[in-house]
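Inspection log for the structure reproduced underneath, given as structure tokens.
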Amino acid sequence: MEETKNLVETIIKGIQEKKGHGIVVADLTGINGSICQYFIICEGQSPTQVDAITDSISDMVREQLDEKPVHIVGRENAQWVAMDYTDVMAHIFLPDVREYYDLEHLWDDAKLSHIPDEE
């Protein structure tokens, strides 16, 4: 469990490194049938920033924890990139796409933690 929490913290640092904002961590550990333990959701203001956040997460997790994502989807258009680290999934959105899919409320039982934006 400690490894998973370290992964969550490292992904958050990767997001903050590239000024991603609106970070929400959805704790799915108490929900039967969830596909992972945590969703981390954030946004970038442009496809370029979404791509940069994706790279930052990937680099930071690889350097600090020696892990690579199992799968990354959505890089082609960089409107919604999903990074699968098995126990943790990171979702990087453009603002309008995030609002449309509203992943934060997909599981009503999930505990949501809002990470303050860094200045």
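The values are calculated or read from the model by the stated rules, or taken from the named source; none is laboratory data. Since we're looking at a predicted model, the values are computed, not measured. Cβ sites come from the backbone with ideal geometry, for glycine too, and all protein chains shown count toward neighbours. These area figures cover heavy atoms from the full protein model, side chains too; ligands, DNA and RNA do not enter into them. Shrake-Rupley method; radii C 1.70, N 1.55, O 1.52, S 1.80 Å.
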So which of PRO47, PRO116, PRO69, PRO95 ends up being touching a Phe, Trp or Tyr at 6+ places or on another chain (Cβ under 6 Å) and of a type outside the set (D, E, K, R)?
PRO69
Going through segment 1-59 in order, the residues found to be among the basic types (Lys, Arg) and under 19 Å from LEU94 (Cβ atoms) are LYS18, LYS19
Total residues in segment 76-88, condition at pLDDT 95 or above, open to solvent by less than 30 Å² (accessible area, probe 1.4 Å) and either closer than 17 Å to ALA52 by Cα or not in a loop (DSSP other than H, G, I, E, B) (or both):
4
Please enumerate the residues belonging to segment 97-108 that are surrounded by fewer than 11 Cβ atoms within 10 Å (Cβ to Cβ), among the acidic types (Asp, Glu) and over 18 Å from SER46 (Cβ atoms).
ASP102, ASP108
Evaluate the following for GLU63: is it open to solvent by 30 Å² or more (accessible area, probe 1.4 Å) and in contact (Cβ under 8 Å) with a residue 60 or more places away in the chain?
no
Residue pairs, Cβ under 7 Å, 6 or more apart or interchain, first in segment 85-105 and at positive phi, second open to solvent by less than 20 Å² (accessible area, probe 1.4 Å). List them.
THR86/CYS36
Which count do you get for residues in segment 66-75 that are surrounded by fewer than 12 Cβ atoms within 10 Å (Cβ to Cβ) and β-branched (Val, Ile, Thr)?
2
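Please go through segment 9-24 and pick out each residue that is buried (at least 22 other Cβ atoms within 10 Å of the Cβ) and not small (Gly, Ala, Ser).
ILE11, ILE15
Among the residues of segment 1-36, which ones are part of a loop (DSSP other than H, G, I, E, B) and in contact with a helix residue (DSSP H, G or I) (Cβ under 6 Å, 6 or more places away or on another chain)? Spell out how you get there, then give the answer.
So the first thing to find is which residues in segment 1-36 are part of a loop (DSSP other than H, G, I, E, B), and the list is 1, 18-20, 28-36.
Correct list: LYS18, GLY20.
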